[in-house]
1. Within the stretch 87-104, can you find the residues that are touching a residue at least 24 places away in the same chain (Cβ under 8 Å) and closer than 29 Å to residue 387 by Cα?
2. Quick one: is residue 170 open to solvent by 10 Å² or more (accessible area, probe 1.4 Å), touching a residue at least 12 places away in the same chain (Cβ under 8 Å) and not in a helix (DSSP H, G or I)?
3. Check off (1) open to solvent by 10 Å² or more (accessible area, probe 1.4 Å); (2) within 29 Å of residue 369 (Cα to Cα); (3) in contact with a Lys or Arg (Cβ under 6 Å, 6 or more places away or on another chain) for residue 206 and give me the number that stays unchecked.
4. Of the residues that make up the stretch 424-435, is at least one within 18 Å of the chain's Cα centre (by Cα) and surrounded by 18 or more Cβ atoms within 10 Å (Cβ to Cβ)?
5. State whether one or more residues within the stretch 7-14 are modelled with pLDDT under 95, assigned to a loop (DSSP other than H, G, I, E, B) and in the same structural domain as residue 463 (by TED's automatic domain parsing).
6. Would a scan of the stretch 182-199 turn up a residue that is of a type in the set (Lys, Arg), assigned by TED's automatic domain parsing to the domain that holds residue 81, over 22 Å from the mean Cα position of the chain (by Cα) and not in a loop (DSSP other than H, G, I, E, B)?
7. Restricting attention to the stretch 261-304, which residues are of a type in the set (Lys, Arg) and either under 14 Å from residue 343 (Cα atoms) or part of a strand (DSSP E or B) (or both)?
8. For residues that are more than 7 Å from the ligand (Cβ to nearest atom) and among the small types (Gly, Ala, Ser), tally how many sit in the stretch 364-390.
Amino acid sequence: MQNPNPHAVLLASPGMGHFIPALELGKHLATHHGFDVTIFVVAADASITESPLFKPPQTPNLLNLVLLPPVDVSALVNSTASVVTRLVIMMREALPLLQAAISSMKSRPTALIVDMFGTEALAIAEEFDMLKYVFITSTAWFLAVTVHFPYIDEEAEHKHRVMKRPLDVPGCRSIRHEDTLDLFFDQTDRNLFSGFARIGMEISNADGILVNTWQDLEPSTLRALENEKFLGRVVKASVYPVGPLVRPVGQSSKSEVMDWLDMQPMESVIYVSFGSGGTLSAKQTTELAWGLELSQRFVWVVRPPVDGDASANFFNVTNSHDGTPSYLPSGFFTRIRNKGMVVLMWASQTEILAHKSIGGFLSHCGWNSTLESMVNGVPMVVWPLYAEQQMNAAMLAEELKVAVRPKIQPNAGVIEREEIAGMVRRVMELKGNEMRDKVKELQRSAHQALMQGGSSYNSLERVSKDCELNVK
Ligand code: UDX
(Lines give C-alpha, C1' and ligand atoms only; values in the text may rest on other atoms or scores of the structure.)
Protein backbone atom coordinates (compact mmCIF):
# COMPACT_ATOMS: atom_id res chain seq x y z
CA MET A 1 0.00 0.00 0.00
CA GLN A 2 1.22 3.50 -0.84
CA ASN A 3 2.47 5.39 2.22
CA PRO A 4 0.38 8.58 2.51
CA ASN A 5 3.09 10.54 4.36
CA PRO A 6 5.57 12.66 2.46
CA HIS A 7 9.02 11.11 2.69
CA ALA A 8 12.02 13.44 3.13
CA VAL A 9 15.53 12.18 2.49
CA LEU A 10 18.17 14.27 4.26
CA LEU A 11 21.84 14.26 3.32
CA ALA A 12 24.02 15.48 6.22
CA SER A 13 27.68 16.30 5.82
CA PRO A 14 30.37 15.08 8.21
CA GLY A 15 31.15 16.96 11.40
CA MET A 16 29.05 17.31 14.53
CA GLY A 17 28.23 20.95 13.73
CA HIS A 18 26.36 19.79 10.61
CA PHE A 19 25.07 16.41 11.74
CA ILE A 20 23.43 17.65 14.98
CA PRO A 21 21.10 20.22 13.36
CA ALA A 22 20.29 17.81 10.48
CA LEU A 23 19.22 15.21 13.01
CA GLU A 24 17.08 17.79 14.82
CA LEU A 25 15.50 18.90 11.55
CA GLY A 26 14.67 15.26 10.79
CA LYS A 27 13.12 14.80 14.22
CA HIS A 28 10.97 17.92 13.86
CA LEU A 29 9.75 16.89 10.41
CA ALA A 30 8.90 13.40 11.67
CA THR A 31 7.40 14.32 15.02
CA HIS A 32 5.44 17.48 14.25
CA HIS A 33 4.95 17.73 10.50
CA GLY A 34 3.85 14.31 9.32
CA PHE A 35 6.96 13.20 7.44
CA ASP A 36 8.72 9.89 7.10
CA VAL A 37 12.40 10.80 7.23
CA THR A 38 15.57 9.03 6.15
CA ILE A 39 18.84 10.73 7.09
CA PHE A 40 21.98 9.74 5.21
CA VAL A 41 25.16 10.72 7.01
CA VAL A 42 28.54 10.77 5.33
CA ALA A 43 30.72 9.33 8.05
CA ALA A 44 34.10 10.93 7.63
CA ASP A 45 34.13 11.71 11.30
CA ALA A 46 34.30 8.87 13.78
CA SER A 47 32.89 11.19 16.45
CA ILE A 48 29.52 10.88 14.74
CA THR A 49 29.36 7.10 14.61
CA GLU A 50 30.71 6.71 18.11
CA SER A 51 28.45 9.40 19.53
CA PRO A 52 25.41 8.47 21.61
CA LEU A 53 23.53 10.73 19.19
CA PHE A 54 23.89 8.03 16.58
CA LYS A 55 21.46 5.73 18.32
CA PRO A 56 18.06 4.79 16.97
CA PRO A 57 15.87 7.80 17.67
CA GLN A 58 12.65 7.59 19.62
CA THR A 59 10.49 7.69 16.52
CA PRO A 60 11.87 4.58 14.81
CA ASN A 61 8.98 4.15 12.41
CA LEU A 62 9.29 7.65 11.12
CA LEU A 63 13.01 8.33 11.21
CA ASN A 64 15.81 6.19 9.81
CA LEU A 65 19.49 6.92 10.05
CA VAL A 66 21.75 5.47 7.37
CA LEU A 67 25.49 5.67 7.60
CA LEU A 68 27.37 6.07 4.33
CA PRO A 69 30.87 4.59 4.67
CA PRO A 70 33.80 6.97 5.11
CA VAL A 71 35.54 8.23 2.00
CA ASP A 72 39.31 8.65 1.97
CA VAL A 73 39.80 11.83 -0.03
CA SER A 74 43.57 12.02 0.33
CA ALA A 75 44.15 10.61 -3.16
CA LEU A 76 41.57 12.97 -4.67
CA VAL A 77 42.79 16.34 -3.41
CA ASN A 78 46.19 17.88 -3.03
CA SER A 79 47.66 18.34 0.39
CA THR A 80 46.88 22.06 0.56
CA ALA A 81 43.15 21.63 -0.10
CA SER A 82 40.92 23.42 2.39
CA VAL A 83 38.38 21.75 4.67
CA VAL A 84 35.56 23.04 2.46
CA THR A 85 37.07 21.46 -0.67
CA ARG A 86 37.62 18.17 1.18
CA LEU A 87 34.04 18.15 2.45
CA VAL A 88 32.62 18.82 -1.00
CA ILE A 89 34.65 15.96 -2.47
CA MET A 90 33.66 13.60 0.34
CA MET A 91 30.01 14.37 -0.36
CA ARG A 92 30.54 13.94 -4.11
CA GLU A 93 32.07 10.50 -3.63
CA ALA A 94 29.06 9.42 -1.59
CA LEU A 95 26.57 10.30 -4.33
CA PRO A 96 26.46 6.91 -6.14
CA LEU A 97 25.52 5.24 -2.84
CA LEU A 98 22.82 7.81 -2.18
CA GLN A 99 21.46 7.40 -5.69
CA ALA A 100 21.40 3.58 -5.41
CA ALA A 101 19.67 3.80 -2.03
CA ILE A 102 16.97 6.13 -3.36
CA SER A 103 16.38 4.07 -6.46
CA SER A 104 15.90 0.92 -4.36
CA MET A 105 13.24 2.53 -2.13
CA LYS A 106 9.79 1.01 -2.60
CA SER A 107 8.14 4.33 -3.34
CA ARG A 108 9.80 7.47 -4.57
CA PRO A 109 10.69 9.88 -1.74
CA THR A 110 9.06 13.29 -1.94
CA ALA A 111 11.92 15.62 -1.13
CA LEU A 112 15.69 15.69 -0.88
CA ILE A 113 17.14 18.07 1.72
CA VAL A 114 20.91 18.48 1.47
CA ASP A 115 23.52 20.19 3.57
CA MET A 116 25.23 23.10 1.75
CA PHE A 117 28.30 20.94 1.08
CA GLY A 118 26.11 18.38 -0.68
CA THR A 119 24.39 20.56 -3.28
CA GLU A 120 25.68 18.31 -6.10
CA ALA A 121 23.19 15.73 -4.82
CA LEU A 122 20.34 17.98 -6.00
CA ALA A 123 20.83 16.44 -9.46
CA ILE A 124 19.66 13.14 -7.95
CA ALA A 125 16.47 14.85 -6.76
CA GLU A 126 15.83 15.96 -10.32
CA GLU A 127 16.42 12.46 -11.65
CA PHE A 128 13.80 11.05 -9.27
CA ASP A 129 11.41 13.98 -9.59
CA MET A 130 11.78 14.99 -5.95
CA LEU A 131 11.55 18.49 -4.50
CA LYS A 132 15.00 20.01 -3.83
CA TYR A 133 15.86 21.75 -0.58
CA VAL A 134 19.12 22.97 0.97
CA PHE A 135 19.54 23.15 4.74
CA ILE A 136 21.82 25.97 5.95
CA THR A 137 23.12 25.14 9.42
CA SER A 138 24.05 28.76 10.04
CA THR A 139 22.48 32.22 9.75
CA ALA A 140 20.41 33.91 7.05
CA TRP A 141 23.23 36.47 6.90
CA PHE A 142 25.69 33.69 6.01
CA LEU A 143 23.21 32.43 3.38
CA ALA A 144 23.04 35.97 1.96
CA VAL A 145 26.83 36.09 1.56
CA THR A 146 26.90 32.63 0.02
CA VAL A 147 24.26 33.31 -2.64
CA HIS A 148 25.66 36.73 -3.40
CA PHE A 149 29.20 35.42 -3.63
CA PRO A 150 29.14 34.35 -7.32
CA TYR A 151 28.31 37.96 -8.22
CA ILE A 152 30.98 39.57 -6.12
CA ASP A 153 33.71 37.03 -6.68
CA GLU A 154 35.89 39.28 -8.80
CA GLU A 155 35.03 42.37 -6.89
CA ALA A 156 35.62 40.67 -3.57
CA GLU A 157 39.05 39.62 -4.63
CA HIS A 158 40.06 43.09 -5.65
CA LYS A 159 38.16 45.50 -3.47
CA HIS A 160 37.42 43.47 -0.42
CA ARG A 161 40.35 41.15 -0.10
CA VAL A 162 43.16 43.37 -1.23
CA MET A 163 41.84 46.79 -0.28
CA LYS A 164 40.31 45.50 2.94
CA ARG A 165 36.98 47.16 2.31
CA PRO A 166 33.80 46.04 4.06
CA LEU A 167 31.73 43.52 2.14
CA ASP A 168 28.35 44.92 1.18
CA VAL A 169 25.64 42.38 0.47
CA PRO A 170 22.46 44.02 -0.91
CA GLY A 171 19.88 44.76 1.77
CA CYS A 172 22.04 43.28 4.55
CA ARG A 173 24.29 44.54 7.27
CA SER A 174 27.73 45.29 5.88
CA ILE A 175 30.53 42.92 6.95
CA ARG A 176 33.82 44.33 8.11
CA HIS A 177 36.87 43.04 6.27
CA GLU A 178 38.17 41.23 9.34
CA ASP A 179 34.81 39.55 9.96
CA THR A 180 34.36 37.98 6.54
CA LEU A 181 34.60 34.26 5.92
CA ASP A 182 38.13 32.96 6.19
CA LEU A 183 37.83 31.41 2.74
CA PHE A 184 38.17 34.91 1.31
CA PHE A 185 41.75 34.88 2.51
CA ASP A 186 42.72 31.31 1.75
CA GLN A 187 45.45 31.64 -0.87
CA THR A 188 46.44 27.99 -0.89
CA ASP A 189 43.41 26.33 -2.44
CA ARG A 190 42.70 27.31 -6.04
CA ASN A 191 39.40 25.43 -6.07
CA LEU A 192 37.96 27.12 -3.03
CA PHE A 193 36.67 30.32 -4.64
CA SER A 194 35.11 28.59 -7.63
CA GLY A 195 33.73 25.77 -5.48
CA PHE A 196 32.06 28.18 -3.08
CA ALA A 197 30.61 30.20 -5.96
CA ARG A 198 29.15 27.02 -7.47
CA ILE A 199 27.53 26.15 -4.13
CA GLY A 200 26.01 29.66 -3.98
CA MET A 201 24.40 29.20 -7.40
CA GLU A 202 23.12 25.70 -6.68
CA ILE A 203 21.55 26.88 -3.44
CA SER A 204 19.78 29.74 -5.25
CA ASN A 205 18.21 27.30 -7.70
CA ALA A 206 16.77 24.86 -5.19
CA ASP A 207 13.00 24.75 -4.57
CA GLY A 208 13.52 25.87 -1.00
CA ILE A 209 16.22 26.88 1.47
CA LEU A 210 15.78 25.94 5.12
CA VAL A 211 17.83 28.05 7.52
CA ASN A 212 18.59 27.35 11.17
CA THR A 213 17.45 30.79 12.30
CA TRP A 214 14.10 32.36 13.09
CA GLN A 215 12.09 35.26 11.75
CA ASP A 216 12.48 37.61 14.71
CA LEU A 217 16.21 37.02 14.99
CA GLU A 218 17.08 38.17 11.46
CA PRO A 219 14.06 40.01 10.05
CA SER A 220 15.89 42.40 7.72
CA THR A 221 18.24 39.80 6.20
CA LEU A 222 15.32 37.43 5.63
CA ARG A 223 13.44 40.30 3.94
CA ALA A 224 16.45 41.04 1.72
CA LEU A 225 16.55 37.40 0.61
CA GLU A 226 12.95 37.61 -0.58
CA ASN A 227 12.97 41.15 -1.96
CA GLU A 228 13.55 41.49 -5.73
CA LYS A 229 15.43 44.75 -5.17
CA PHE A 230 18.06 43.03 -3.04
CA LEU A 231 18.83 39.31 -3.11
CA GLY A 232 15.43 38.06 -4.28
CA ARG A 233 16.54 38.52 -7.88
CA VAL A 234 19.22 35.83 -7.50
CA VAL A 235 17.49 33.55 -5.02
CA LYS A 236 14.82 31.66 -6.93
CA ALA A 237 14.12 29.44 -3.95
CA SER A 238 11.72 30.22 -1.11
CA VAL A 239 13.60 30.82 2.14
CA TYR A 240 12.25 29.10 5.26
CA PRO A 241 13.59 30.09 8.68
CA VAL A 242 13.08 26.86 10.66
CA GLY A 243 15.17 27.29 13.80
CA PRO A 244 16.46 27.28 16.36
CA LEU A 245 16.91 23.52 15.86
CA VAL A 246 19.07 22.46 18.78
CA ARG A 247 19.40 19.23 20.70
CA PRO A 248 16.90 19.05 23.53
CA VAL A 249 18.39 18.45 26.95
CA GLY A 250 18.13 14.76 27.72
CA GLN A 251 17.55 13.19 31.08
CA SER A 252 20.14 14.71 33.32
CA SER A 253 22.99 12.23 33.45
CA LYS A 254 25.13 11.85 36.55
CA SER A 255 28.60 13.21 36.03
CA GLU A 256 31.24 14.97 38.03
CA VAL A 257 30.61 18.24 36.25
CA MET A 258 26.82 18.15 36.71
CA ASP A 259 27.26 17.29 40.40
CA TRP A 260 29.64 20.22 40.77
CA LEU A 261 27.25 22.58 38.98
CA ASP A 262 24.46 21.51 41.34
CA MET A 263 26.47 22.96 44.22
CA GLN A 264 27.12 26.38 42.65
CA PRO A 265 24.96 29.51 43.07
CA MET A 266 22.49 30.50 40.39
CA GLU A 267 24.05 31.98 37.21
CA SER A 268 27.51 32.09 38.80
CA VAL A 269 29.52 29.85 36.43
CA ILE A 270 30.95 30.65 32.99
CA TYR A 271 31.11 27.72 30.56
CA VAL A 272 34.12 27.79 28.21
CA SER A 273 34.24 25.70 25.04
CA PHE A 274 35.46 25.96 21.46
CA GLY A 275 32.99 23.65 19.76
CA SER A 276 33.50 20.30 18.15
CA GLY A 277 37.08 20.84 17.02
CA GLY A 278 38.38 24.28 18.02
CA THR A 279 41.86 24.49 19.52
CA LEU A 280 44.08 27.33 20.70
CA SER A 281 47.83 27.91 20.55
CA ALA A 282 49.96 26.84 23.50
CA LYS A 283 50.50 30.46 24.53
CA GLN A 284 46.80 31.28 24.29
CA THR A 285 45.84 28.16 26.26
CA THR A 286 48.13 29.24 29.09
CA GLU A 287 46.82 32.80 29.03
CA LEU A 288 43.22 31.59 29.07
CA ALA A 289 44.01 29.37 32.07
CA TRP A 290 45.40 32.37 33.98
CA GLY A 291 42.51 34.55 32.84
CA LEU A 292 39.94 32.08 34.15
CA GLU A 293 41.85 31.67 37.38
CA LEU A 294 41.67 35.44 37.85
CA SER A 295 37.95 35.63 37.21
CA GLN A 296 34.86 33.64 37.97
CA ARG A 297 33.70 30.11 38.67
CA PHE A 298 34.07 28.19 35.42
CA VAL A 299 33.69 24.91 33.54
CA TRP A 300 36.30 24.68 30.76
CA VAL A 301 36.37 22.03 28.03
CA VAL A 302 40.10 21.87 27.38
CA ARG A 303 41.90 20.53 24.32
CA PRO A 304 45.67 20.22 23.98
CA PRO A 305 47.12 23.16 22.02
CA VAL A 306 47.72 22.68 18.31
CA ASP A 307 51.27 23.95 18.35
CA GLY A 308 52.33 22.44 21.66
CA ASP A 309 54.93 19.85 22.47
CA ALA A 310 53.64 16.60 20.94
CA SER A 311 54.10 14.74 24.21
CA ALA A 312 51.72 17.20 25.86
CA ASN A 313 48.93 15.76 23.74
CA PHE A 314 48.64 12.90 26.17
CA PHE A 315 46.53 13.81 29.13
CA ASN A 316 48.54 11.66 31.45
CA VAL A 317 51.65 13.75 30.87
CA THR A 318 51.52 16.20 33.72
CA ASN A 319 53.88 18.80 35.04
CA SER A 320 52.66 18.74 38.59
CA HIS A 321 51.64 16.42 41.39
CA ASP A 322 47.93 17.29 41.04
CA GLY A 323 47.49 15.83 37.54
CA THR A 324 47.44 19.16 35.66
CA PRO A 325 48.30 18.38 32.02
CA SER A 326 51.66 19.80 30.96
CA TYR A 327 50.06 22.33 28.58
CA LEU A 328 48.36 24.12 31.52
CA PRO A 329 50.17 26.20 34.16
CA SER A 330 51.77 24.06 36.84
CA GLY A 331 49.54 23.46 39.85
CA PHE A 332 46.45 24.76 37.99
CA PHE A 333 44.17 21.96 39.18
CA THR A 334 45.05 22.64 42.82
CA ARG A 335 44.58 26.38 42.62
CA ILE A 336 41.18 26.17 40.91
CA ARG A 337 39.87 23.39 43.13
CA ASN A 338 37.09 25.48 44.67
CA LYS A 339 36.16 27.57 41.68
CA GLY A 340 36.60 25.63 38.48
CA MET A 341 36.08 22.35 36.67
CA VAL A 342 38.12 21.18 33.73
CA VAL A 343 36.65 18.67 31.31
CA LEU A 344 39.04 17.11 28.84
CA MET A 345 38.09 17.18 25.14
CA TRP A 346 34.28 16.87 25.18
CA ALA A 347 31.44 17.74 27.55
CA SER A 348 27.71 17.34 27.51
CA GLN A 349 27.20 20.90 26.32
CA THR A 350 23.43 21.20 26.04
CA GLU A 351 22.99 19.86 29.57
CA ILE A 352 25.62 22.21 30.94
CA LEU A 353 24.18 25.29 29.24
CA ALA A 354 20.70 24.44 30.53
CA HIS A 355 21.93 24.21 34.14
CA LYS A 356 20.68 27.00 36.40
CA SER A 357 24.16 27.77 37.74
CA ILE A 358 25.47 28.71 34.25
CA GLY A 359 25.49 32.48 33.75
CA GLY A 360 27.78 32.96 30.75
CA PHE A 361 29.37 31.16 27.80
CA LEU A 362 32.82 31.88 26.39
CA SER A 363 32.43 30.36 22.93
CA HIS A 364 34.03 30.06 19.50
CA CYS A 365 30.60 31.06 18.11
CA GLY A 366 29.89 27.98 16.03
CA TRP A 367 26.25 28.49 15.12
CA ASN A 368 24.98 25.49 17.10
CA SER A 369 26.76 26.65 20.24
CA THR A 370 25.39 30.14 19.67
CA LEU A 371 21.82 28.87 19.35
CA GLU A 372 22.26 26.67 22.42
CA SER A 373 23.35 29.74 24.38
CA MET A 374 20.38 31.78 23.18
CA VAL A 375 17.75 29.14 23.89
CA ASN A 376 19.06 28.98 27.44
CA GLY A 377 19.19 32.76 27.85
CA VAL A 378 22.96 32.81 28.44
CA PRO A 379 25.04 35.90 27.42
CA MET A 380 28.40 35.27 25.76
CA VAL A 381 32.04 36.17 25.49
CA VAL A 382 32.69 35.64 21.77
CA TRP A 383 35.97 34.10 20.68
CA PRO A 384 35.60 33.24 16.97
CA LEU A 385 38.16 30.93 15.36
CA TYR A 386 37.26 29.94 11.78
CA ALA A 387 34.57 29.54 9.10
CA GLU A 388 31.70 32.03 9.55
CA GLN A 389 32.34 32.42 13.28
CA GLN A 390 33.61 36.03 12.95
CA MET A 391 30.29 36.98 11.37
CA ASN A 392 28.40 35.23 14.16
CA ALA A 393 30.52 37.07 16.74
CA ALA A 394 29.86 40.45 15.11
CA MET A 395 26.14 39.77 15.03
CA LEU A 396 26.07 38.76 18.70
CA ALA A 397 28.19 41.61 20.02
CA GLU A 398 27.19 44.51 17.75
CA GLU A 399 23.72 43.82 16.43
CA LEU A 400 22.00 41.70 19.06
CA LYS A 401 24.13 43.08 21.90
CA VAL A 402 24.14 39.85 23.89
CA ALA A 403 27.91 39.36 23.98
CA VAL A 404 31.27 40.97 24.61
CA ARG A 405 34.09 40.65 22.14
CA PRO A 406 37.88 40.85 22.60
CA LYS A 407 39.66 43.94 21.30
CA ILE A 408 41.75 41.90 18.86
CA GLN A 409 40.75 39.00 16.63
CA PRO A 410 41.57 35.83 18.55
CA ASN A 411 43.55 34.52 15.58
CA ALA A 412 45.53 37.73 15.18
CA GLY A 413 47.37 37.61 18.48
CA VAL A 414 47.22 36.43 22.06
CA ILE A 415 44.39 37.75 24.23
CA GLU A 416 45.87 38.46 27.61
CA ARG A 417 44.68 37.25 30.97
CA GLU A 418 43.52 40.65 32.27
CA GLU A 419 41.36 41.20 29.20
CA ILE A 420 39.90 37.71 29.51
CA ALA A 421 39.08 38.24 33.18
CA GLY A 422 37.55 41.65 32.37
CA MET A 423 35.30 40.22 29.62
CA VAL A 424 34.17 37.38 31.84
CA ARG A 425 33.34 39.79 34.66
CA ARG A 426 31.28 42.00 32.33
CA VAL A 427 29.25 39.17 30.93
CA MET A 428 28.64 37.59 34.34
CA GLU A 429 27.31 40.72 36.05
CA LEU A 430 23.91 39.87 37.43
CA LYS A 431 22.47 43.33 38.07
CA GLY A 432 21.90 45.91 35.33
CA ASN A 433 23.36 43.62 32.69
CA GLU A 434 21.60 44.57 29.47
CA MET A 435 23.16 41.64 27.63
CA ARG A 436 21.46 39.26 30.03
CA ASP A 437 18.09 41.00 29.62
CA LYS A 438 18.40 40.97 25.84
CA VAL A 439 19.37 37.31 25.60
CA LYS A 440 16.40 36.39 27.82
CA GLU A 441 14.17 38.17 25.30
CA LEU A 442 15.75 36.12 22.52
CA GLN A 443 15.18 32.98 24.57
CA ARG A 444 11.45 33.77 24.68
CA SER A 445 11.23 34.60 20.99
CA ALA A 446 13.17 31.41 20.08
CA HIS A 447 10.73 29.35 22.09
CA GLN A 448 7.72 31.01 20.47
CA ALA A 449 9.10 30.49 16.95
CA LEU A 450 9.01 26.71 17.38
CA MET A 451 5.68 26.46 19.15
CA GLN A 452 2.63 25.42 17.17
CA GLY A 453 1.66 28.51 15.14
CA GLY A 454 5.11 30.10 15.62
CA SER A 455 7.10 31.36 12.61
CA SER A 456 9.50 28.41 12.34
CA TYR A 457 6.74 25.88 12.98
CA ASN A 458 4.74 27.52 10.20
CA SER A 459 7.75 27.42 7.85
CA LEU A 460 8.00 23.66 8.28
CA GLU A 461 4.24 23.37 7.77
CA ARG A 462 4.63 25.19 4.45
CA VAL A 463 7.37 22.74 3.43
CA SER A 464 5.11 19.91 4.50
CA LYS A 465 2.19 21.21 2.40
CA ASP A 466 4.43 21.56 -0.67
CA CYS A 467 5.66 18.03 -0.16
CA GLU A 468 2.16 16.62 0.31
CA LEU A 469 1.31 18.05 -3.12
CA ASN A 470 4.30 16.18 -4.53
CA VAL A 471 3.41 12.75 -3.04
CA LYS A 472 2.79 10.46 -6.01
C1 UDX B 1 31.07 24.58 12.61
C2 UDX B 1 30.79 26.08 12.35
O3 UDX B 1 31.67 26.90 12.92
C4 UDX B 1 29.39 26.40 12.66
O5 UDX B 1 29.09 27.75 12.76
C6 UDX B 1 28.64 25.80 11.56
O7 UDX B 1 27.31 26.22 11.60
C8 UDX B 1 28.83 24.31 11.71
O9 UDX B 1 30.20 23.94 11.69
P10 UDX B 1 31.45 23.53 15.17
O11 UDX B 1 32.85 23.93 15.38
O12 UDX B 1 31.14 22.11 15.07
O13 UDX B 1 30.76 24.24 13.93
O14 UDX B 1 30.63 24.21 16.37
P15 UDX B 1 29.09 24.30 16.65
O16 UDX B 1 28.31 24.76 15.46
O17 UDX B 1 28.94 25.12 17.85
O18 UDX B 1 28.67 22.81 16.96
C19 UDX B 1 29.24 22.04 17.95
C20 UDX B 1 28.20 21.09 18.53
O21 UDX B 1 28.87 20.11 19.30
C22 UDX B 1 27.22 21.80 19.46
O23 UDX B 1 25.93 21.28 19.27
C24 UDX B 1 27.72 21.47 20.85
O25 UDX B 1 26.69 21.35 21.82
C26 UDX B 1 28.38 20.12 20.64
N27 UDX B 1 29.50 19.97 21.59
C28 UDX B 1 30.69 20.61 21.37
C29 UDX B 1 29.32 19.19 22.71
O30 UDX B 1 28.25 18.62 22.92
N31 UDX B 1 30.36 19.06 23.57
C32 UDX B 1 31.57 19.66 23.40
O33 UDX B 1 32.45 19.50 24.24
C34 UDX B 1 31.74 20.47 22.25
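The values are calculated or read from the model by the stated rules, or taken from the named source; none is laboratory data. Keep in mind the model is a prediction, meaning the values are calculated, not measured. Don't worry about glycine lacking a Cβ; one is built from the backbone with ideal geometry, like all the others, and counts go over all protein chains shown. Only protein heavy atoms, including side chains, enter the accessible area calculation; ligands, DNA and RNA are left aside. Shrake-Rupley method; radii C 1.70, N 1.55, O 1.52, S 1.80 Å.
1. Hits for the stretch 87-104 are 87, 88, 90, 91, 92, 94, 95, 97, 98.
2. Yes: the conditions hold for residue 170.
3. Of everything listed in (1) open to solvent by 10 Å² or more (accessible area, probe 1.4 Å); (2) within 29 Å of residue 369 (Cα to Cα); (3) in contact with a Lys or Arg (Cβ under 6 Å, 6 or more places away or on another chain), residue 206 misses just condition (1).
4. No: the stretch 424-435 contains no residue that is within 18 Å of the chain's Cα centre (by Cα) and surrounded by 18 or more Cβ atoms within 10 Å (Cβ to Cβ).
5. yes
6. Yes, the stretch 182-199 has at least one match.
7. 297, 303
8. Going through the stretch 364-390 one residue at a time, the tally reaches 2.
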